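Take a look at the structure below.
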Amino acid sequence: MVSYTDTILVPYDFTEKADCAVKHAAVMGKNMKAEVVLLNIAKKQSQETEILAQLQPICDKFTTELDVKVTPLVREGTIFKTINEVVDELKSAVVVMGTHGMRGMQKLTGSWALKVIVGCHVPYLIVQEEPRYADPAKILFPVDYKLETKEKLKWVSMLGYICNIRVCLFAQEGNGPMYDNPTKANMNFCKRYLEERDIPYDVVWVDQRGSFYELSLKYAKEQKVDVIMITTTRDIAFHDYLLGAYEQTIIANEEAIPVFVVNPRTEIKVVYTNF
């Protein structure tokens, strides 16, 4: 068993969206007493010293303004491989990454973000704007018929440990016994899990046709939730990126709601000893 609690990693490319990610990471870092590390990925090793010199004063500024330790790191590589390698090296608890959503010339960014996320055994918090969390923070937790739904629960425990949250267990019914029965079983499991940990929650069932995740986004917008928690599709294939897996729509949602993304992996167990 491995414990990943030492750092929060922020891929940093000197953009406004990356600055937003640092501010979200700082909120978590202060509560977790974790260091925030800004990772810039260089195209060539020869660029590392120069980029580090640019990054250090930015980290110093964030450390002073956000009241959390922020340190720089520069590595040669690619976003699709290096980020997750550094997660293992630093034992990062979570990766906080900014994205431009799916507006204008940035339409493909949602799929790029998903390609980076898939394969990592710690979650990603994907953000588009600066933090604006309520107290308690409203966490939308979609519950469907898949076993992967349960894998999000340990991360709810993490969020409940570091801040005041209220969870909305959101589910769709009326799709027939093949889907409704396992969804109800998952809902009951989630309720018991939260009750055992004294995490407050609400249950919302919708009896409407249509995409479950579009209904989830609609509810999130109407209720002004603070974070949407999803799992990625297990063993996602290349054609899913081309056709537009549902995760891309959630990650790049037009309401700019932060999305906490968990990769379901049964072969890796990450344990938070405090939860």
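The values are calculated or read from the model by the stated rules, or taken from the named source; none is laboratory data. Keep in mind that this is a model prediction, so the values were computed, not measured. Cβ placement follows ideal geometry from the backbone for every residue including glycine, while neighbour counts extend to all protein chains displayed. These accessible areas exclude ligands, DNA and RNA; they are computed on the full protein's heavy atoms, side chains included. Shrake-Rupley method; radii C 1.70, N 1.55, O 1.52, S 1.80 Å.
Charge dipole (Cα centre; +1 on Lys/Arg Cβ, -1 on Asp/Glu Cβ; no other charges) of region 1-57 amounts to roughly 120 debye.
Of the peptides 182-188, 37-43, the order by per-residue mean of other Cβ atoms within 10 Å, starting with the highest, comes out as 37-43, 182-188. Across region 1-53 the C-alpha pair distances fall into 10 Å bins from zero in the proportions 23, 42, 29, 7 percent.
To the nearest 10, the accessible area of Met97 is 20 Å² with a 1.4 Å probe. Here the peptides 218-225, 246-253, 125-132 are ranked by packing, the mean other Cβ count within 10 Å, and the order with the highest first is 246-253, 125-132, 218-225.
First select every other residue whose beta carbon is under 12 angstrom from the beta carbon of Gln208; then total the charges, Lys and Arg +1, Asp and Glu -1.
-1
What ranking, highest mean first, results for peptides 256-264, 150-158 when packing means the other Cβ atoms within 10 Å averaged over each residue?
Working: 256-264: 21.7, 150-158: 19.0.
Highest-to-lowest ranking by the protection proxy: 256-264, 150-158.
Pairs from the list Lys17/Lys69; Lys17/Lys221; Lys91/Lys218; Lys33/Lys150 with a Cα-Cα gap above 24 Å: Lys91/Lys218; Lys33/Lys150.
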